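Inspection log for the structure reproduced underneath, given as structure tokens.
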Amino acid sequence: MVNGCMLTVMSEQAATRIERKERTRQALVDGTLELAADRGFAALSLREIARSAGIVPTAFYRHFASLDDLGATLVDQGVTALRLALREVRRNPEASIADTVRFVFDQVAAKRAVFGFLTRERHGGSAALRKAIALELQLIVRELVADLSRVRALDDWSPRDLEIAADLLVGTVADGIAAYVAAEERDQRTIVDRTVQKVRLIALGMDNWWPPKDR
């Protein structure tokens, strides 16, 4: 009975340590988002990020291997999570273009701070972070190319044509996300509606454009 009680206590202590570690890890993420909003990720030091979470700098390494590892985590929470969520949407044959675009913005709204960080870092700051974001966006483009290749109306399109179309669609939505996270709340719905309209116009152009034969 005594051994059983000891095991229970030890299990509870281990659970408490794990919860405490998760809270500290999230505090580091939240602190980074807040600090980077003013100066950018590349300008941040490990010391000030640790301070924002109430820990000493050496304790940072209990949660992340490096600042680049922390940056990769933020990419995972944003772009990677969005890419995986989009896979689920594409499994629904009833989902329209408008449904898909609005789904994307629902994901952004739920993680506005993260996507604000990513849109700012996409074209500036840390080279490692720019590369990670670009890679994830390219993966979204490739998965969209695969989807477009299964559309019978696009059977005559070359892989290059499909990639250009997918890149245009993803770039349009990415620009819409950047506008959304920077906008006042009263303007956000207009930005979503405008992005939906842009994507519809791109799709309409694709329906009525024939790739040149003389490549």
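The values are calculated or read from the model by the stated rules, or taken from the named source; none is laboratory data. In this text the structure is predicted, and so the values were computed from the model without any measurement. Neighbour counts are summed over all protein chains in view; Cβ atoms, including those assigned to glycine, are modelled from backbone coordinates with ideal geometry. With ligands, DNA and RNA removed, areas are computed over all heavy atoms of the protein, side chains included. Shrake-Rupley method; radii C 1.70, N 1.55, O 1.52, S 1.80 Å.
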Test: residue in the range 158-177 that is among the aliphatic types (A, V, I, L, M) and within 25 Å of A42 (Cα to Cα): yes
Cross-chain or 6+ apart pairs with Cβ under 9 Å, the range 13-26 first and at pLDDT below 90, then assigned to a helix (DSSP H, G or I) and open to solvent by 100 Å² or more (accessible area, probe 1.4 Å): K21/R62
Checking I55 against (1) touching a residue at least 24 places away in the same chain (Cβ under 8 Å); (2) open to solvent by 40 Å² or more (accessible area, probe 1.4 Å); (3) not assigned by the TED database to the domain that holds D175, the condition it does not meet: (2)
Residue selected from the range 37-52 under the condition outside any helix (DSSP H, G or I) and farther than 13 Å from D68 by Cβ, by the criterion least open to solvent (accessible area, probe 1.4 Å): G40
Pairs where the first residue, in the range 80-91, is open to solvent by less than 90 Å² (accessible area, probe 1.4 Å) and the second is not in a helix (DSSP H, G or I), C-beta under 7 Å, 6+ apart: V89/A95
Residue in the range 110-123 that is in a loop (DSSP other than H, G, I, E, B), open to solvent by less than 90 Å² (accessible area, probe 1.4 Å) and closer than 18 Å to G71 by Cβ present: yes
Subset tally (residues that are within 28 Å of L28 (Cα to Cα) and under 19 Å from the mean Cα position of the chain (by Cα)) for the range 65-102: 20
Restricting the range 124-158 to residues that are part of a helix (DSSP H, G or I) and among the polar types (S, T, N, Q), the residue that is nearest to A72 (Cα to Cα): Q138
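Yes/no matrix, rows are residues, columns are (1) over 23 Å from R83 (Cα atoms); (2) in contact with a Phe, Trp or Tyr (Cβ under 6 Å, 6 or more places away or on another chain); (3) open to solvent by 40 Å² or more (accessible area, probe 1.4 Å); (4) among the aliphatic types (A, V, I, L, M):
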site	(1), (2), (3), (4)
I140	no, no, no, yes
D147	no, no, no, no
R150	no, no, yes, no
I164	no, no, yes, yes
D167	no, no, yes, no
G176	no, no, no, no
A182	no, no, yes, yes
T190	yes, no, yes, no
I202	no, no, no, yes
Exclusive hit being β-branched (V, I, T) and under 15 Å from the mean Cα position of the chain (by Cα), set I164, I140: I140
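Against the definition (under 25 Å from A37 (Cβ atoms) and assigned to a helix (DSSP H, G or I)), how does V192 come out, yes or no?
In short, yes.
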I202 among the β-branched types (V, I, T) and within 30 Å of A36 (Cα to Cα): no
